Amino acid sequence: MNTFAVLSKKEFSQMVKEYKILWLPIVFMLLGLTQPIMMYYLPMILKSLGGVEGIMIDPTMAKPEGQEVLASTLNSQFDQLGIIIIIVAAMSVIQAEKANGMLAFILTRPVSISSYLGSKIATHYLLAVFSLAIGYIASYGYTVFLFSPVPISQVILAFALYCLWLLFIITFVTMLSTFFNSPAVIALVSIVMLLLCRLIAGLHPVLDIFNPAGFSLRASSVLITGSVGAWWELNLLVTFLVILGMTLTMHYWIAKKKF
Amino acid sequence: MRLEINNVTKKFKHKTAVNHFSMVIEENECVGLIGPNGAGKSTLIQIIADILYADEGSIVLDGQNISKKKNQIGYLPQYPNFYSWMTAYDTLLFMGTLSGISKNQLHKDIPLILTKVGLSKEAQSKVGAFSGGMKQRLGIAQALLHKPTLIIMDEPVSALDPIGRREVLNLLKEIKSETTILLSTHILGDAEEICERFVVIKDGQKIEDATKEQLLHRNQESAIYLVLQKDDVDWLEKVAQLPYVKKVENYEEGFKIHVEQVQVDAYRLLQNAIDQKIAFTKFEIGVKESLEDTFLTLVVDV
């Protein structure tokens, strides 16, 4: 068995032992359910509480389409609380092993830095994708049930696009985990930087080419309008280059023993 | 495996931990690296194990760079740490497969090595519940598991109880004939048992490199060590008056008598004692300093 497989297997067992493989999908499932349920029942809740001056429910307001509900799950649930939870789940991916000396210890064995980093990013990305899928399917189910059906091809394409943004998130957090020694700093810097990326997405089409968060917007755009948006190829290229750059930086950092 | 350390220097921000250090360890030699706390032992060992980079100089193993030889090296850190959720057995399986040993081979070897380090009962216990000494034993097991030809150990026995220490020393004696061993310690008694050569390091510099015999021989004194029965202690006053006796001093539970020519004077002293009907419990010619004394004279600033 090669070292990548051994290390990945170890990561996986660790996720099982720490119940990460259980709680992360559950949290995402709850997040996914929240959006359609809230959008469906909120008008009724407000109405039944009633009597509040100044709040006016427009009875003629159109019930949102399923597409919009699913898109808002991505935008307002996964892109906010979801990112923060993924950051918290992944922040000590390398930092913990730097702190207890396991990283140095493992590297005294014939293990390449690439297979070490590869196993870390791959397993944590797979867990994130799995959790996201659970949450997304839950949201999709309730959306179809409470609102209107969404074409399955759009649903899958949007998911695939969102996974690109997710790969950037995981690599970014792993990189900070390689650089910094304090989990709090890693979490804070990751949250600020990633939410900032997400915030400036959509401001200007040229800016979006260089912004991996553009893929989150493209995912919603696929759901609502069916179009991926302009210059997605460039956006994809830039995102992959950025991820490659981050991976090489981590590799260099560990090879130079700056940890 | 032959290990060459060429002029290695490592500086940290405010301190030079290792300063132009060179030595060669021949194949199957056992070398004890000794020195006081903070002398640079651990830094040097981490440089050899490729955990730290040297600012200057190089480490050469059988003429090659260390990164090509990692599967032949067994390394034990000063405070071995493992994944607390793994069992001892899984830890060895994990470290073993990382070194490229097949699963089948490992399933055969692991129970053997666990028995040797005295952990066979704990094979299925979680490492998180292990005491410091048990972790140390596991650390030794993982360092030996892949049958390396070079073993580098940072304080291998310092954290162990006397039983564990004995087991580990026996284990090292067993593999000594076919393995190059470098171990650091500040407990000389342990190193003395397995190593035939000592390198003393202080403030990052090599201040001594000698075999055990050389070290001991160098510090042999021309003195007579004797232990007397209590009633005869008065005799020592007369001894001090003798022309060939230079000095009488207390030493351990007896006395050290410095004379001019040990061989001749010892006989005269003995004759004198017999004439006076003095009974000795111990009479030793030529007082040897222990390795510990030698070490102290080397490293302590006067």
| message | Exactly one of these conditions fails for B:VAL8: (1) among the aliphatic types (A, V, I, L, M); (2) under 22 Å from A:PHE105 (Cα atoms); (3) open to solvent by 10 Å² or more (accessible area, probe 1.4 Å). Give me its number. | response | (3)
| message | Out of the residues in region B:131-148 meeting the condition of being buried (at least 19 other Cβ atoms within 10 Å of the Cβ) and part of a loop (DSSP other than H, G, I, E, B), tell me which one is farthest from the chain's Cα centre (by Cα). | response | B:HIS146
| So A:LEU196 clears everything in (1) surrounded by 13 or more Cβ atoms within 10 Å (Cβ to Cβ); (2) at pLDDT below 95 except one condition, right? Which one? | (1)
| task | Please work out which one of (1) open to solvent by 60 Å² or more (accessible area, probe 1.4 Å); (2) more than 30 Å from B:TYR53 (Cβ to Cβ); (3) among the aromatic types (Phe, Trp, Tyr) is the condition A:TYR252 fails and give its number. | result | (2)
| Which pairs have Cβ atoms under 6 Å, sit 6 or more apart or on different chains, and link a residue in region B:210-226 that is under 24 Å from B:GLU26 (Cα atoms) to one that is surrounded by 16 or more Cβ atoms within 10 Å (Cβ to Cβ) and modelled with pLDDT of 80 or more? | B:THR211/B:ARG197
| request: Please state which one of B:VAL168, B:VAL157, B:VAL200, B:VAL117 is in contact with a Leu (Cβ under 6 Å, 6 or more places away or on another chain) and not acidic (Asp, Glu). | output: B:VAL200
| remark: Restricting attention to region B:55-75, the residues that are more than 10 Å from every other protein chain (Cβ to nearest Cβ) and open to solvent by less than 40 Å² (accessible area, probe 1.4 Å) number exactly 3
| query | Can you find even one residue in region A:145-154 that is among the hydrophobic types (A, V, I, L, M, F, W, C), within 11 Å of the chain's Cα centre (by Cα) and open to solvent by 50 Å² or more (accessible area, probe 1.4 Å)? | reply | no
| Is it the case that some residue within region A:231-249 is outside any helix (DSSP H, G or I), more than 19 Å from A:PHE179 (Cβ to Cβ) and either away from chain B (no Cβ under 14 Å) or open to solvent by 70 Å² or more (accessible area, probe 1.4 Å) (or both)? | yes
| request: Considering each residue of region B:166-191, count those that are open to solvent by 20 Å² or more (accessible area, probe 1.4 Å), within 18 Å of B:PRO148 (Cβ to Cβ) and in contact (Cβ under 8 Å) with a residue 12 or more places away in the chain, and give that number. | output: 5
| field | Single unsatisfied condition, A:LEU188 versus (1) part of a loop (DSSP other than H, G, I, E, B); (2) at negative phi; (3) free of Cβ contacts under 8 Å to residues at least 40 places away in the same chain | value | (1)
| Of all residues in region B:87-117 being more than 14 Å from every other protein chain (Cβ to nearest Cβ) and among the aliphatic types (A, V, I, L, M), which is surrounded by the fewest Cβ atoms within 10 Å (Cβ to Cβ)? | B:LEU112
| field | Wholly enclosed helices (runs of 4 or more DSSP H) of region A:27-137 bearing at least 2 residues touching a strand residue (DSSP E or B) at 6+ places or on another chain (Cβ under 8 Å), surrounded by fewer than 16 Cβ atoms within 10 Å (Cβ to Cβ) and at pLDDT 90 or above | value | none
| Count - residues of region A:1-23 that are more than 8 Å from chain B (Cβ to nearest Cβ), open to solvent by less than 40 Å² (accessible area, probe 1.4 Å) and under 21 Å from the mean Cα position of the chain (by Cα) | 4
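Every residue, every condition in (1) in the same structural domain as B:MET153 (by TED's automatic domain parsing); (2) aliphatic (A, V, I, L, M); (3) within 30 Å of B:ASP293 (Cβ to Cβ), yes or no:
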{"residue": "B:GLY35", "(1), (2), (3)": "yes, no, yes"}
{"residue": "B:GLY40", "(1), (2), (3)": "yes, no, yes"}
{"residue": "B:ALA54", "(1), (2), (3)": "yes, yes, no"}
{"residue": "B:ILE59", "(1), (2), (3)": "yes, yes, no"}
{"residue": "B:ASP62", "(1), (2), (3)": "yes, no, no"}
{"residue": "B:SER67", "(1), (2), (3)": "yes, no, no"}
{"residue": "B:LYS103", "(1), (2), (3)": "yes, no, no"}
{"residue": "B:GLY118", "(1), (2), (3)": "yes, no, no"}
| task | Output the number of the condition that A:ILE224 fails; it satisfies all remaining conditions of (1) free of Cβ contacts under 8 Å to residues at least 60 places away in the same chain; (2) within 16 Å of A:ASP79 (Cβ to Cβ); (3) open to solvent by 30 Å² or more (accessible area, probe 1.4 Å). | result | (1)
| field | Single residue of region B:41-54 satisfying the filter (over 15 Å from the mean Cα position of the chain (by Cα) and under 21 Å from B:LEU298 (Cα atoms)) that is nearest to the other protein chains (Cβ to nearest Cβ) | value | B:THR43
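The values are calculated or read from the model by the stated rules, or taken from the named source; none is laboratory data. Since we're looking at a predicted model, the values are computed, not measured. When we count neighbours, we look across all protein chains shown, and the Cβ atoms used for this are built from the backbone with ideal geometry, even at glycine. Protein only, heavy atoms only, side chains kept; ligands, DNA and RNA dropped before computing areas. Shrake-Rupley method; radii C 1.70, N 1.55, O 1.52, S 1.80 Å.
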